[in-house]
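The values are calculated or read from the model by the stated rules, or taken from the named source; none is laboratory data. Keep in mind the model is a prediction, meaning the values are calculated, not measured. Glycine gets a Cβ as well: all are built from the backbone with ideal geometry, and neighbour counts include every protein chain shown. Each accessible area value is taken on the protein alone, full model and side chains, heavy atoms only, with ligands, DNA and RNA left out. Shrake-Rupley method; radii C 1.70, N 1.55, O 1.52, S 1.80 Å.
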Amino acid sequence: MDQQKIQIFDTTLRDGEQVPGCKLNTAEKVAVAARLEALGVDVIEAGFPISSPGDFESVVEIAKVVKHATVCGLSRAVEKDIITAAEALEKAKRPRIHTGIGTSESHIQYKLRTTQEKVVERAVAAVKLAKKYVEDVEFYAEDAGRTDNEFLAYVCEQAVKAGATVLNIPDTTGYCLPSEYGAKIKYLQDNVKGVENVILSTHCHNDLGMATANSIAGVVNGARQIECTINGIGERAGNTALEEVVMVMRQHPDLLKYTDIDTKQLNAISRYVSDTMRVPVQPNKAIVGANAFAHSSGIHQDGVIKKRETYEIIDPLDVGVDHSSIILTARSGRAALAYRLKNLGYELTRDELDVVYPEFLKVADSLKEVHDDDLHRIAEVKHKVAV
Ligand code: KIV
Ligand code: ZN
């Protein structure tokens, strides 16, 4: 069976950047966009041009510099949003307008205060208008995660008829279970006429910690684009983390999906986005957290020293981390201590290690972590070996 390419749609600069405190200026956004392009993303969502003059300008500048990736601008299903997005994207080599409207009962009743019929009318009008400016129009059904599947399929079908090239199915509130989200994508595959001519896209939020699982369930069931952000930044608990979905597909060839992402750049771009947006990455964050390749318990350290794969499913080099770390704490065993001492140039005999290890434990009990300078002092104890 053929492997299938999954498009990576990065929305760090739109869904990610709208988080309080993450605001970037135009130069910073252009620099992030250049790195995203070098990373190999297929689509860069550069901003929401109607939202502010600054966002408009950023989309204009990003559209000028990006050479290969599609540059996308967000708009509501509102005429002036769409026209403004089209203006901002004028210089893009591959422009895409991303337009849409809420489709769930709560969005229709409480946010939009309208009816399903009117939502469909607005969706169709928005896609048709966007289509006058660009060939590539992505339609989003906001809160699709909580939208009745039959109505969702109907809106999507009308959007396809109106000219949409991509159908985005956002789990806006991060509510769905992976099985439910996967079934939703499958339902659309089976029930939207013309779906075979468009790309179905996932857009998952992480309120229940399931954004990555839901996105993968989406692609397993036929989605061909994943919307995501670097480090999973985004509204509330964030969006699907780019580095996670990319590595899931890489580490699971059984899924028969691949992306064009140069995974060796993942660690560097994670740090760059974290520094530029001033949002720290949690240490235990999958793939890019400081502890993602660190081992601190004795049993694990012993296994990793004997064979890395015992406790690591990813080669750190594949994501741009140059080695696994053996962290020395009071939970570390002799194997880890000998390994770290050897790296510092101390080759200890078994007897010497017997003398040094209790000394190490004394120091380790008083510290969170034993560092190289502590190790140099500890190593000197080996001279007390009885002869
Ligand atoms: O989460 C969401 O529904 C969105 C849409 C605007 C695409 O970000
Ligand atoms: Zn979103």
Review point. Does the range 65-85 hold any residues that are part of a loop (DSSP other than H, G, I, E, B), open to solvent by 10 Å² or more (accessible area, probe 1.4 Å) and of a type in the set (A, V, I, L, M), and which are they?
Key: Ala77, Val78
Review point. In the range 246-297, what residues are closer than 21 Å to Val32 by Cα, of a type in the set (Ser, Thr, Tyr) and without any contact (Cβ under 8 Å) to a residue 60 or more places away in the chain?
Key: Thr263, Ser270, Ser274
**Study point:** Filtered residue count, the range 234-244, keeping only those that are free of Cβ contacts under 8 Å to residues at least 60 places away in the same chain and more than 14 Å from ligand 2 (Cβ to nearest atom)
**Key:** 1
Exercise for review: Could you tell me whether the range 12-21 includes any residue that is free of Cβ contacts under 8 Å to residues at least 40 places away in the same chain, farther than 19 Å from Val137 by Cβ, surrounded by fewer than 20 Cβ atoms within 10 Å (Cβ to Cβ) and within 16 Å of ligand 2 (Cβ to nearest atom)?
Suggested key: yes
Review point. Given (1) of a type in the set (Val, Ile, Thr); (2) within 16 Å of ligand 1 (Cβ to nearest atom); (3) open to solvent by 40 Å² or more (accessible area, probe 1.4 Å), where does Val220 come up short, assuming only one miss?
Key: (2)
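Being within 23 Å of Ala38 (Cα to Cα) and in a strand (DSSP E or B) is the filter here, so list the residues in the range 86-101 that pass it. I'd like the intermediate steps shown before the answer.
Step one: list which residues in the range 86-101 are within 23 Å of Ala38 (Cα to Cα), which gives 88-98.
Correct list: Pro95, Arg96, Ile97, His98.
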Exercise for review: Report whether or not Ile62 is within 16 Å of ligand 1 (Cβ to nearest atom) and open to solvent by less than 10 Å² (accessible area, probe 1.4 Å).
Suggested key: no
Check your understanding: Which one is nearest to ligand 1 (Cβ to nearest atom) among residues in the range 168-205 that are surrounded by fewer than 16 Cβ atoms within 10 Å (Cβ to Cβ) and in a loop (DSSP other than H, G, I, E, B)?
Key -> Leu177
Revision key, fill the gap. For the range 312-335 the number of residues that are farther than 22 Å from Ser270 by Cβ and either surrounded by fewer than 19 Cβ atoms within 10 Å (Cβ to Cβ) or in contact (Cβ under 8 Å) with a residue 40 or more places away in the chain (or both) is 7
Exercise for review: Can you run down the residue pairs with Cβ atoms below 9 Å, 6 or more apart or on separate chains, where the first is in the range 188-207 and among the charged types (D, E, K, R) and the partner is open to solvent by 60 Å² or more (accessible area, probe 1.4 Å) and within 16 Å of ligand 1 (Cβ to nearest atom)?
Suggested key: Asp207/Tyr175; Asp207/Arg236
